[in-house]
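The structure under discussion appears below in the form of structure tokens.
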Amino acid sequence: MVELVSGSEFDRLFQSFRATAFRLETQGVYREPVEDEPLRRFLNGEPPDDAWLTPWIDNVRAATSEGRRFQRVRVLTEPLTDYLRFEMDLALRANLPAGEEIRSLSMSEAESLGLPLGTDFWMFDEEQVGVMHFGDRGMLGLEMITDAARIEQYQRWRDRAWSAAAPAEEWAVLVQ
């Protein structure tokens, strides 16, 4: 059985990285319970209440003010799922202003690049990778990889995804 990092140990990863935390998001829907109400509000056209995201946004602001970087590449379904429209709207309102760098690319582009579709991961300082494991109601934890040879493959996926993905200015029109 794989040992998964979660809870406070998971949170520490985002406070202790030195230079860059990178995420590849490959799924069209995430089922995090904390997002149920914000997603419902979005789908019903109600004003957002992003208070649930405050700890994350505060950490991103603190890290980026110190010169550390949060980067993401989000793979977009064709057509977009309601969840991805919600996530992109949230990114424009909260994540990007806090300092995250978020790019997106289409599922077909991701496939042509040979990205590991269905596998989400965080990479911290090019030294460790946390492969995300999910259950029916959200993330269960990260399977940590520290083997240099395996990390090289994740670096190649990161580099391909980041180079090919469009920055927010280009994909923001999709959620307007």
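Here, each number is a calculation from the coordinates, and none is a lab measurement. What you are looking at is a predicted structure, and each value in this text was computed from that prediction instead of being measured. Here the Cβ is made from the backbone with ideal geometry for all residues, glycine too, and neighbour counts use every protein chain on show.
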Query raised in the report: Counting other Cβ atoms within 10 Å, which GluC sites (Glu not before Pro) in region 1-77 have at most 14 and lie in a DSSP loop?
Result: E3, E66
Report summary line: Rg/Rh of region 7-175 (Cα atoms, Kirkwood Rh), to two decimals, equals 0.93
Query raised in the report: Fewest first, what order do S16, S8 take by the number of other Cβ atoms within 10 Å?
Result: S8, S16
Query - Within region 76-159, trypsin sites (Lys or Arg not before Pro) in DSSP loop having at most 15 other beta-carbon neighbours inside 10 Å - result: R137
Report task. Have a look at the DSSP beta bridges in the chain and tell me what percent are antiparallel, nearest 5. Result -> 60
Report summary line: Between the alpha carbon centres of region 123-156 and region 1-44 the gap in Å comes to 12
